[in-house]
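Here is the structure we will look at.
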Amino acid sequence: MTVSTMGKKKGAKVSEIILASLFLIWTAGCFWYFQSNFKYHLFFVEQNQLFLGTADCLSAYFTRPAWLACMAGDWAQQFYHFNFGGPAVLSLSLLVFGVSAFLSLKECVPSRWGIFARLWIPAFAALALMTVEARLFFYENARLASLYALGGGIILWYACHCTTEAFERRRWAGIVIDSLIFVPMAAICFSLFGYGALAFIALELLSSPAGRRIPAGAAISIVLALCLWGRIGTHYRMEKKELALYPGVGRWVDATKARGVEDLLTYNIEYGRGNYNGIIRLYEHSRNAKTPEMSFFYAASASQLGILPDKLLKMKKPNLGTFIHLDSKSNLFTIEMAAELYYLIGDMTYTERACMHANNFSPTKRCASLIKRLAEANLIIGDYAGAQKYLGQLRRSFIYRKWAEEHTPGSFSEDFQREIDHKRQFLNNAGEIRIGDNCHTILTGLLDANRNNIVALDYLLCTDIIANQKAMFMRDYQKYGPRDCELYKKIVK
Amino acid sequence: MRKPLALFAAAALLAACAPSNVTRTGEQAPIYPDYTDITIPANIAPLNFKLKGSATRTILCVDGRKFRSSRGGKLRFNEKAWRALMAESEGKTLEIKLLARGKDGWREFAPFTWTVSADKIDPYLTYRLIEPDYEAYNNIVLQQRCIENFRTDDFSDNRVIGNKCMNCHTYANQDPATSMFYVRGPGGGAILNMDGKLQKLSIKGEDMISGSVYFGFSPSARYIVFSANKIIPGYHAQSIRRMEVFDTRSDLYVADMKEHRFIRSSAISDPEMLETFPAFSPDGRYIYYCKAPQIDTVTLENIETQKYSLCRVAFDESTGRIGDKVETIYDAYSEGKSVCHPRVSPDGRFVCISIADYGTFPLWHREADLLMINLETGERIPMTAANSDGSESYHSWSSNSRWLVFASKRDDGVYGKPYFCHVGEDGTCSKSFVLPQKHTEYYDNLLKSFNAPELGKGPLPFTSFDVKEILDSEPTPFN
């Protein structure tokens, strides 16, 4: 071995160590960044799905392309539930993606370019790809399945490439063998990883000049795909455009907008965790612009603490959620706010309606947070058969098994027993029918059923105030009041 | 060599059917779905089920022979073996024994029966899968399921056709070559399937309060009778009652599908009355429908007193003329019940109706049950074996008049599932059973209702993509 060869080898080793460190530092940075800036985004994704490992649910993945990417992605997203879980799963997934991209791209650089070019060009390309993929997770509905689809296509290509490398040197035999292996593998890749098959074919095309090969397999795959695309679409019952990019490449959202959504999700999720004082502090001390959704959770938190009237005037643009009307165009945030409001004031009919409506926004058509709420609403009204449907699903999930057990009739936890007893006092058992979702009707109905429903009373009177309906306020106050509160007293005077 | 081996295997199986130290509990087998003591058609898909509670091993014996065993409590049958069993058992009653091994060893439950009827059921079932509140339609799909196996296909999926609401699908004479359903909203219309060719129709006259809602084909499929309804959804304050849907106006019309014209009659469009749920008799001589007086103001009290009677009016298919005389078959006020969804059996002998305490939407009425009326004698035949404590509604007949399918919410009170029951020569019904599924947890995990199940003699000859294509065309108007 000559000195210069030894020197090159040593240099390459040092480069490899630097490279590995770079990837690790990038991963640690990614973890830290998402933990500090977008942890609620990731938790929100987990709340919007309920992964069930039962045969029927798993077999549903096989009816669409990218079944492995979707199944693995949805499974891994469960771990977003835990503290640090989301950023950890995401950054590790990105690391695996980056390493496989690096190894694959390395095969696309001709060896004549030299050892450093073969290391650093793919390394920077892989790091850039990792950064772009990480950036796509600024979107609040970004699915790991998208990343796994792309990564899966790359890993599969790399595995195929390593296996067939030996044949490629013999020209004609190589072409035949390569095509025989590559074409079915491209089809398998589409089935397993959906649009990852595009990366699979692209890498084959990219690597051909470096390996001095004719990319016959890739060419045949492209021609076959173009000829059979309509049939594949019919088989999967999907539009051609959706089919080509399934399960979706993700959405590039503006960073400022993403941070705004993170702020909103902070309110939403902390409210769900019962951190009402935290929300009030956050709203009152944060200098960030307040959206109507934030005001909603601030008002709801104040109401949970019995101080809604005291906090009403602290909102620049108050939003109690009482003017929400749900229809087929309502978005998820709006429907979830409606569900929270109805549950808070004690109307379980409308709680159930909103939760069923919102479930449609989940990729798996079941959101963990809403299934829990549906179970609670059914338990409160005493419909245990209805509740069992939802509790059964939660029991079959890995994350919510304990929650389901604590909410099973006969083994309620103390906290839930208290909550259920409290909520049951305020149920409206009057023989009434409500047309539409006019909140004034809903609130007065609840108050007619139980005058001690202070939450409903505050929402009613505060809605009158923000709607500037003094006459209505006076009427409602006289009928359902009095309530010991400075704000109301001032208005009454 | 093969014969002795087979004999040995059979002997081993027989022995395995009765493991040692079995405790006979005498309890009814706690299985879901409840497939105990039922009558089934020979062409039904395997009745996969699971044992409630924990079991490490389960054995199912048919007439003393071990037919299937499994680790755990889930029993899924091999389709080939199942078909062979059904073929050899046609017209027989099978005794089923279920043994389960738990912590305390083997237990044998009380045996139950499967009576395999020689009356075949129409092999296809169409239905709409929708959230039970019928409001959210961004994930609605019309599907057909082959009930001889587990194959399911969408024939109108709103992800494909562009986020539009769809109404239920109805066949003419259970014939897949003629059927229709509605796509709502802009660009929508009635989608008529004639031998696989789709047409978009605009079945709405200027004087009508809405487009067609409920409808039925005449035997020749030249006419449809339909209702135009002003439907109001309402929500009960009592959460356990959930939802009420009622009409503030509704009238009936006949549409001539050949000449694209409406046939009107004051007999079925009385402005003082609400007429709905129309259906032709299989001979085309009558239109059956439900009728109730209008309510003045929308209050629960008024809705609760609104009861629909079952009526019929004559129809002449050769001239398209509607008769003048309305006959009442079931008088709601004297009976104290409200009638919905009359469906006459294809042999014309029976009419099956849903009866509830009041109103026009039995889906959320736990008291809603099915009732059979013998049209020859007027006899009311209770369907106690088929009904349950939950709501039963939206039934449809098999073309041989021997089977009924209907939506029942008996399991959880919220989500409707398709149940079948056998109808004897005298109109009596057997215990009903739910549509079998490949996976035993399917119904536990499903968050959709099966709405308006209909039996058909074959697969529908179109797909969601065909529906999407026809939706882009201009509708054929009716005058």
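Each reported figure results from applying straightforward, stated rules to the coordinates on display, with no laboratory input. The structure displayed is predicted, hence computed values, not measured ones. Using ideal geometry, Cβ is built from the backbone for each residue, glycine included, and neighbour counts are taken over all protein chains shown.
Put simply, the C-alpha atoms of chain A give a gyration tensor, and the ellipsoid matching it has half-axes of 55, 25, 19 Å, longest first. Under 18 Å Cα-Cα from B:K438, which aspartates and glutamates qualify once same-chain neighbours fewer than 8 residues away are excluded? Correct list for B:K438: A:D56, B:D34, B:E79, B:E148, B:D153, B:D154.
Where a ≥ b ≥ c are the square roots of the eigenvalues of the C-alpha gyration tensor, would you call the range A:193-272 rounded, which needs a/c under 1.5, or, failing that, prolate if a/b is larger than b/c, or oblate? Oblate, since a/c reaches 1.5 and b/c is not below a/b. The average projected area of the range A:9-244, computed from the convex hull of its Cα atoms over all directions, is 14.0 nm².
Rounded to the nearest whole angstrom, the semi-axes of the ellipsoid equivalent to the range B:368-438, taken from the Cα gyration tensor as √(5λ), stand at 21, 14, 9, largest first.
Under conditions of 37 °C and 0.692 mPa s, the range A:253-322 yields 272 µm² s⁻¹ as its translational diffusion coefficient, taking Rh as the Kirkwood radius over Cα pairs in the Stokes-Einstein equation. Out of every Cα-Cα pair that the protein assembly as shown contains, those further apart than 53 angstrom amount to 27 percent. Where the alpha-carbon atoms of chain B are placed on the principal axes, they occupy 77, 47, 42 Å, in descending order.
For the range B:218-354, the pair-distance distribution built from all alpha carbon pairs, in bins 5 Å wide starting at 0, is 2, 10, 19, 22, 19, 13, 8, 5, 2, 0, 0 percent. Just to confirm my numbers, what's the Cα centroid distance between the range B:401-475 and the range A:429-453 in Å? Comparing the Cα centres of the range B:401-475 and the range A:429-453, I get a distance of 36 Å.
Pull out the extension gain between B:D324 and B:N374, defined as 0.36 nm times the separation in residues minus the alpha carbon to alpha carbon distance; nm, one decimal.
Difference between extended and current length: 15.6 nm.
Take the alpha carbon atoms of the range A:336-389, find their radius of gyration, then divide it by 2.2 N^0.38 Å using N residues; give the quotient. Taking N as the residue count of the range A:336-389, the ratio is 1.03.
Across the range B:282-321, Cα-Cα distances exceeding 17 Å account for 49% of all pairs.
3J(HN,Hα) couplings calculated from phi for the range A:406-420 with the Karplus curve 6.51 cos²θ - 1.76 cosθ + 1.60 (θ = phi - 60°) are, in sequence order, 5, 10, 7, x, x, 10, 4, 6, 4, 4, 6, 4, 4, 5, 5 Hz; Gly and Pro show x. With the simple model of a label 7 Å out from the Cα in the direction of the Cβ, A:F416 to A:E165 spans 5.5 nm.
If the viscosity is 1.306 mPa s and the temperature 10 °C, what Stokes-Einstein diffusion coefficient in µm²/s follows for the range A:385-425 when Rh is the Kirkwood radius over Cα pairs? Reported coefficient: 150 µm²/s. When we measure straight from the Cα of A:K317, which aspartates and glutamates land under 15 angstrom away, once same-chain ones fewer than 8 places off are left out? Cα-Cα hits under 15 Å: A:E284, A:E293, A:D464. Helix content alone sets the calculated 222 nm mean residue ellipticity of the protein assembly as shown: runs of n ≥ 4 DSSP H residues at -39500 (n - 2.57) each, divided across all residues, give -13000 deg cm²/dmol. Ranking of B:T248, A:T256 by neighbouring Cβ atoms within 10 Å, starting from the fewest: A:T256, B:T248.
Projected onto the charge dipole of the range B:2-117 (+1 at Lys/Arg Cβ, -1 at Asp/Glu Cβ, origin at the Cα centre), which of B:L98, B:W114, B:G73 gives the Cα projection farthest towards the positive end? The residue sitting most towards the positive pole is B:G73. Checking the Cα-Cα distances for B:K120/B:K325; A:K402/A:K423; B:K97/B:K120; A:K241/B:K50; A:K372/B:K457 against a 32 Å cut-off, the pairs over it are B:K120/B:K325; A:K241/B:K50; A:K372/B:K457. Counting only the Cα atoms, the range B:2-117 fills a convex hull of 101 Å³ per residue. Shape class for the range A:295-406: prolate, because the ratio a/c of the largest to smallest gyration tensor axis (alpha-carbon atoms, square roots of eigenvalues) is 1.5 or more and a/b beats b/c. Pairs of alpha carbons in the range A:216-339 separated by more than 19 Å make up 62% of all such pairs. Identify, among B:A292, B:I329, B:S432, the residue whose Cα sits farthest towards the positive end of the charge dipole of the range B:124-471, taking +1 on the Cβ of Lys and Arg and -1 on the Cβ of Asp and Glu, with the dipole about the Cα centre. Value: B:S432.
Classify the range B:140-239: rounded, prolate or oblate, from the alpha-carbon gyration tensor (a ≥ b ≥ c, eigenvalue square roots; a/c under 1.5 rounded; otherwise prolate if a/b is larger than b/c)? Oblate, because a/c is 1.5 or more while a/b does not exceed b/c. Our compactness index for the range B:379-479, the C-alpha radius of gyration over the empirical 2.2 N^0.38 Å, is 1.36. Any chance you could give the angle, 0 to 90 degrees and rounded to 10, that helix B:79-89 forms with the longest Cα principal axis of chain B? Taking the Cα atoms of chain B, the angle to B:79-89 is about 90 degrees. Does anyone have the angle between helix A:368-381 and the longest principal axis of chain A? Alpha-carbon axes, 0 to 90°, nearest 10? With both axes taken from Cα atoms, the answer is about 30 degrees.
The C-alpha atoms of the range A:367-454 occupy a region whose extents along the principal axes are 41, 27, 20 Å, arranged from largest to smallest. Computed over the range A:1-135, the convex hull of the alpha-carbon atoms projects to a mean area of 10.7 nm². For chain A, find the longest principal axis of its Cα atoms and tell me its angle to the long axis of helix A:85-106, 0 to 90°, nearest 10. For A:85-106 against chain A, the angle is about 20 degrees.
Taking the Cα atoms of the range A:419-483, the ratio Rg/Rh between the radius of gyration and the Kirkwood radius comes to 0.98.
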